[in-house]
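Okay, structure first, notes after.
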Amino acid sequence: LTRKLRGLLVAALGTIGADAEVVEQARAWIDGDEPELVAAATTVVAANGTDEDYERFVLAFRNAATPQIERRYLFALADFPAAGQMARTIELAFGETVRSQDAPFLLNRAIANRDHGAAAWREVRRRWQEANDRFPTNTIGRMVEPVKLLTDPAVTADVHSFFAEHPIPQAAKSLEQTLERQRVNAALFAREHDGLGERLGQL
């Protein structure tokens, strides 16, 4: 539990807190042997990553010694902060390098990216038929689950409009729950955003 807590704190400090010292130290921790700390450090480096970090992660993904290490670096590519990095990650997901069973989960994480989730959604939307042709049927619902995090009114409307015309029969119930959660999240964001920001600014 102590190790798990350490990993959670490092991840929070390095991503939400953007603590410069933690971010720098994470580049050393990423090669350690404590699983929780390594996982947290990978997330921290990615969330604050430069183009050089991105290239390092791509190389680590391609040369990974185990499937676990491969997926850790692959999925972390969706956490990088720059628009160009996100565009590369989307192309990677639809390319030949990434296994078809892993690609939907890479796109899942891309849609969850706090800076470029809406852009990732737009690409998935644009390439919807390609995704359905290439990826396992049972992963399509999971792929789009993070749309519930997209709370901009225009994006919310776009998501609901799209799925009204493009249902996912094999995941109808889970999609219904995802869209309902998005409605709740969007309503909460609209109600609390300004006031919460003001109160936090007074701390």
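Worth a mention:
For (1) polar (S, T, N, Q); (2) open to solvent by 20 Å² or more (accessible area, probe 1.4 Å), each residue gets a yes or a no:
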| residue | (1), (2) |
| --- | --- |
| Ala28 | no, yes |
| Asp33 | no, yes |
| Glu36 | no, yes |
| Ala39 | no, yes |
| Ala46 | no, no |
| Glu52 | no, yes |
| Phe61 | no, no |
| Thr66 | yes, yes |
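- Enumerated helices (runs of 4 or more DSSP H) restricted to segment 96-192, each holding at least 3 residues that are out of contact with any helix residue (DSSP H, G or I) (no Cβ under 8 Å at 6 or more places or on another chain): 128-134, 153-165
- Of all residues in segment 1-20, those satisfying the criterion of being part of a helix (DSSP H, G or I) and touching a Leu at 6+ places or on another chain (Cβ under 9 Å) are Arg3, Arg6, Gly7, Val10.
- Take the conditions (1) buried (at least 18 other Cβ atoms within 10 Å of the Cβ); (2) farther than 21 Å from Gln101 by Cβ; Arg122 misses just one of them, which is (1).
- Long-range neighbours under 8 Å by Cβ, at least six apart or interchain, first residue surrounded by 11 or more Cβ atoms within 10 Å (Cβ to Cβ) within segment 163-178, second among the acidic types (Asp, Glu): Ser174/Glu145; Thr178/Glu145
- The set of residues in segment 123-154 that are of a type outside the set (A, V, I, L, M) and free of Cβ contacts under 8 Å to residues at least 12 places away in the same chain comprises Arg126, Gln129, Asn132, Asp133.
- Residue pairs whose Cβ atoms lie under 6 Å apart, sitting 6 or more positions apart in sequence or on different chains, and linking a residue in segment 15-37 that is touching a residue at least 60 places away in the same chain (Cβ under 8 Å) to a partner that is among the basic types (Lys, Arg) and open to solvent by less than 80 Å² (accessible area, probe 1.4 Å), do not occur here.
- One residue alone among Phe94, Phe80, Phe57 is open to solvent by less than 50 Å² (accessible area, probe 1.4 Å) and touching a Lys or Arg at 6+ places or on another chain (Cβ under 7 Å), and that residue is Phe94.
Residue by residue, here is whether (1) of a type in the set (Val, Ile, Thr); (2) closer than 20 Å to Ser100 by Cβ; (3) over 20 Å from the mean Cα position of the chain (by Cα); (4) modelled with pLDDT of 95 or more holds:
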residue	(1), (2), (3), (4)
Arg142	no, yes, no, yes
Glu145	no, yes, no, yes
Thr151	yes, no, no, yes
Thr156	yes, no, no, yes
Ile168	yes, yes, yes, yes
Ala171	no, yes, yes, yes
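- Put simply, of Ile69, Ile90 the only residue that is closer than 22 Å to His116 by Cα and either in contact with an Asp or Glu (Cβ under 7 Å, 6 or more places away or on another chain) or in a helix (DSSP H, G or I) (or both) is Ile90.
The values are calculated or read from the model by the stated rules, or taken from the named source; none is laboratory data. Treat the numbers as computed from the prediction; the structure is a model and nothing was measured. Reconstructed Cβ throughout: ideal geometry from the backbone, glycine too, with neighbour counts over all protein chains shown. For the accessible areas, the whole protein counts, side chains as well, though only heavy atoms, and no ligand, DNA or RNA atoms are used. Shrake-Rupley method; radii C 1.70, N 1.55, O 1.52, S 1.80 Å.
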